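Down below is the structure, laid out as structure tokens.
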Amino acid sequence: MTTQDLHFERRGAHQEIAVIRLTRGKKRNALNDGLILSIQKVFETMPEGIRAAVIDGEGEHFCAGLDLSELKERDAGQGVYHSRMWHAALERVQYGPVPVVAALHGAVVGGGLELASACHIRVADETTFYALPEGSRGIFVGGGGAVRIPRLIGAARMADMMFTGRVYNAQDGERIGMAQYLVPQGQSFDKALELAARIAENAPLTNYALMHALPRIAEQPADQGFLTEAMMAAIAQSAPEAKQRVRAFLEGRADKVKKS
Ligand code: 1HE
């Protein structure tokens, strides 16, 4: 599954974690059409036994966004198809087979931030910075950013980033909700791998509910959301694995929740 610009490997005690690395470091992991299609393919053909994934980027930066050298003249129809290609690929990341942890460092800009925002958890190191240079390049986000980024940081902050070229550093990015974790320089990959290993231990149906039901429930009107939640809860708790896990706790064989 490894291509020239995308590396795939299995990690973890049971080879249950997919590590997916952008390997176009010379171009700061800028996303050309081929790389976007490779990302889509890797999520569509995830091998059996993978329970979580980590995505990161080679070199000094996570991702410089759209490959601007491919931003050739497109008419409006071609522009729609191009954007929809990104949507299809990043939809496979967000609503794909396994939870995805993004390990961020350096530039997380433009389409790079759109890719990161399609992941389920973002871990940033201290070198991380976030920007949406589309605003100053005379274009607009087209990889789902207008939908996903406001859900992380709010539409007003996203508009400010695009109107003014504002760049958020790692600390401020974590404060406003770009990333759930902030770690020292060089440690985002290890932290992401640790979180992926923890996620992989969950009951698969719990992870499924968190990936596929929770974001949809959050978008539903409350009365519909409550009903969808009730149905998802009933399905999850009826799984044999849920019963075993609850029994293990009641019989003192499972970890208690510990104060952090
Ligand atoms: C690129 C790209 C790119 C680097 N497309 N080639 N994204 C942007 O507007 C961000 C543009 N990039 C940058 O601002 C900087 O490159 C970085 C801050 C990310 C990194 O800076 P630096 O000094 O480490 O690298 P560099 O010297 O600028 O770039 C190294 C090489 O990568 C250089 O090519 P070279 O042949 O001269 O070595 C750069 O041209 C190349 N490179 N970024 C093409 N983005 C679905 S719509 C999404 C819309 C967007 O994402 S728009 C935002 C695009």
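The values are calculated or read from the model by the stated rules, or taken from the named source; none is laboratory data. Computed from a predicted structure; not experimentally measured. Ideal geometry is used to build each Cβ from the backbone, glycine not excepted, and the neighbour counts take in all protein chains shown. All accessible areas refer to the heavy atoms of the entire protein, side chains included, with ligands and DNA or RNA removed. Shrake-Rupley method; radii C 1.70, N 1.55, O 1.52, S 1.80 Å.
Ala218 versus Arg198, label points 7 Å from Cα toward the beta carbon: distance in nm?
1.8 nm
Out of the total accessible area of the stretch 6-200 (probe 1.4 Å, heavy atoms of protein only), what percent is carbon and sulfur?
Carbon-and-sulfur percentage of accessible area, whole number: 51.
For the stretch 6-200, what does the alpha-carbon gyration tensor say about shape, rounded, prolate or oblate, given a ≥ b ≥ c as the root eigenvalues, a/c under 1.5 as rounded, and a/b over b/c as prolate?
Oblate is the answer for the stretch 6-200, as a/c is 1.5 or above yet b/c matches or exceeds a/b.
With springs only between Cα atoms under 10 Å apart, run a GNM on the chain and tell me which of Pro133, Pro47, Pro221 wobbles the most.
Result for the chain, Cα springs under 10 Å: Pro221 fluctuates most.
For the stretch 54-122, what does the alpha-carbon gyration tensor say about shape, rounded, prolate or oblate, given a ≥ b ≥ c as the root eigenvalues, a/c under 1.5 as rounded, and a/b over b/c as prolate?
The shape class here is oblate.
Using only Cα atoms and rounding to the nearest 10 degrees, what angle (0 to 90) does helix 33-44 make with the longest principal axis of the chain?
10 degrees
Looking at the stretch 6-200, send over the antiparallel percent of its DSSP beta bridges, to the nearest 5.
Here the antiparallel bridges make up roughly 30 percent for the stretch 6-200.
Students often check this: by mean Cβ neighbours within 10 Å, which of 197-204, 108-115, 176-183 ranks highest, and how do the rest follow?
Final packing ranking: 108-115, 176-183, 197-204.
Classify the stretch 204-250 as rounded, prolate or oblate, taking a ≥ b ≥ c as the square roots of the eigenvalues of its Cα gyration tensor: rounded when a/c is under 1.5, otherwise prolate if a/b is larger than b/c and oblate if not.
prolate
Give the calculated FRET efficiency between Thr228 and Gln15 to the nearest 0.05, with a Förster radius of 51 Å applied to their Cβ-Cβ distance.
Efficiency for this residue pair is about 0.90.
Tell me the angle of helix 240-250 to the major Cα principal axis of the chain, expressed in degrees between 0 and 90 and rounded to the nearest ten.
60 degrees
Per the helix-only calculation at 222 nm, which mean residue ellipticity applies to the chain, given -39500 (n - 2.57) for every DSSP H run of n ≥ 4 and division by its residues, nearest 500 deg cm²/dmol?
Theoretical 222 nm ellipticity from helices: -13500 deg cm²/dmol.
What is the distance, in nm, between label points placed 7 Å from the Cα along the Cα-to-Cβ direction at Ala146 and at Gln4?
If labels sit at Ala146 and Gln4, their model points lie 3.3 nm apart.
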